[in-house]
Amino acid sequence: MSDFCGQVALVTGASRGVGASIARMLASAGADVVINYRSKSHRAFEVADAVRTNGRKALLAQADITDESEMNQMMKLVEKEFGRLNLLFLNASGGMEKNKPDDYAMQINLTAQSRAVDLFLPLIPVGGRIVFITSHLAHFYGQKPGYPMYEPVAKSKKAGEEALRNRIPELTTKGIKLVVVSGDFIEGTITPKLMQRKHPDLLENRRKSAGSLPNIEDFARAIVNAAMDSNLESGATVFVGNTEWETV
Ligand SMILES: NC(=O)c1ccc[n+]([C@@H]2O[C@H](COP(=O)([O-])OP(=O)(O)OC[C@H]3O[C@@H](n4cnc5c(N)ncnc54)[C@H](OP(=O)(O)O)[C@@H]3O)[C@@H](O)[C@H]2O)c1
């Protein structure tokens, strides 16, 4: 696979989970990768090693995406190192953390996502792509049943998705596409595990009703493929896993 040869990609929240898997796959498809992380530097270093093993450049970029000045520094780092950014993967997310302000979910899933686009847009050339990663519970927020404990995340991610969709005309004039990739619960990740503390049968029931659940690699592969697929219109949504549920 060499579809991304010569391209530079940034993945927010690439130190673990889905983001780390996206970063590894991008490198095997030929991209140089900026690995953003908030705090888990040892994990980010491992992802960087994997990128370099593929013969690609890895740039480690610590920045809390909710911190404007850290994001600004990350943008300057990318500009200095590469001078451009072909692919921006808006993967880092949150909203269920303890000891955060009441509006943290909106800060990370709405404000920080829009600001990332503001900051990096000048570096994205014609043909570039922005990929927003979300969950079915957030994408269908207000249309399908959800879980009260996940509501701040669902509501804020939906707001983040809509804010980005509103920018499609502006992106189109710059020759840049937005793609949204939405996933069911992903096997082996932290969010459903946290939710299971309150809903012990959550994954078991969802596996039964959905048939099966995607794992981290399934989701990451679909995300990378969505970035690669030139037939996707700007604003297209790619669904990973079953999107049908009646009750939770
Ligand atoms: N997990 C699921 O079941 C599921 C389902 C559908 C969609 N999704 C979506 O997939 C994406 C990734 O989910 P995941 O489960 O892989 O997440 P995760 O395991 O919680 O990974 C979070 C990543 O984001 C980083 N991060 C968290 N807060 C940050 C901040 N303020 N600034 C910068 N980085 C930050 C973490 O960095 P550190 O480790 O350095 O703190 C880590 O690299 C999210 O957009 C999520 O909504 C997940």
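The values are calculated or read from the model by the stated rules, or taken from the named source; none is laboratory data. Here the structure is a predicted model, which means the values were calculated and not measured. Here the Cβ is made from the backbone with ideal geometry for all residues, glycine too, and neighbour counts use every protein chain on show. Protein only, heavy atoms only, side chains kept; ligands, DNA and RNA dropped before computing areas. Shrake-Rupley method; radii C 1.70, N 1.55, O 1.52, S 1.80 Å.
Take the range 166-248 with all the other protein chains still there, run a 1.4 Å probe, and you get 53 Å² of accessible area per residue.
The Cα center of the range 163-223 and the Cα center of the range 90-107 differ in position by 17 Å.
Given +1 at the Cβ of Lys and Arg, -1 at the Cβ of Asp and Glu and no other charges, the dipole of the range 206-245 around its Cα centre is 280 debye to the nearest 20. Each peptide in 222-235, 13-26 was scored by the mean count of other Cβ atoms within 10 Å over its residues; highest first, the order is 13-26, 222-235. Beyond a 22 Å Cα-Cα separation, which of these cross-linked pairs lie in this structure: K40/K193; K76/K157; K80/K100; K57/K158; K40/K198? The pairs that break the limit, which is 22 Å between Cα atoms, are K76/K157; K80/K100; K57/K158; K40/K198. Once C-alpha pairs closer than 8 Å and six or more residues apart are averaged by separation and normalised to the residue number of the chain, the relative contact order reads 18 percent.
Ignoring ligands, DNA and RNA, what percent of the 1.4 Å accessible area of the range 8-237 is carbon and sulfur? About 48 percent, which is the carbon plus sulfur part of the accessible surface.
Remark: the range 17-146 carries 43 Å² of accessible area per residue (probe radius 1.4 Å; ligands, DNA and RNA excluded). Using Cβ point charges alone (K and R +1, D and E -1), the dipole size of the range 8-237 about the Cα centre works out to roughly 260 debye.
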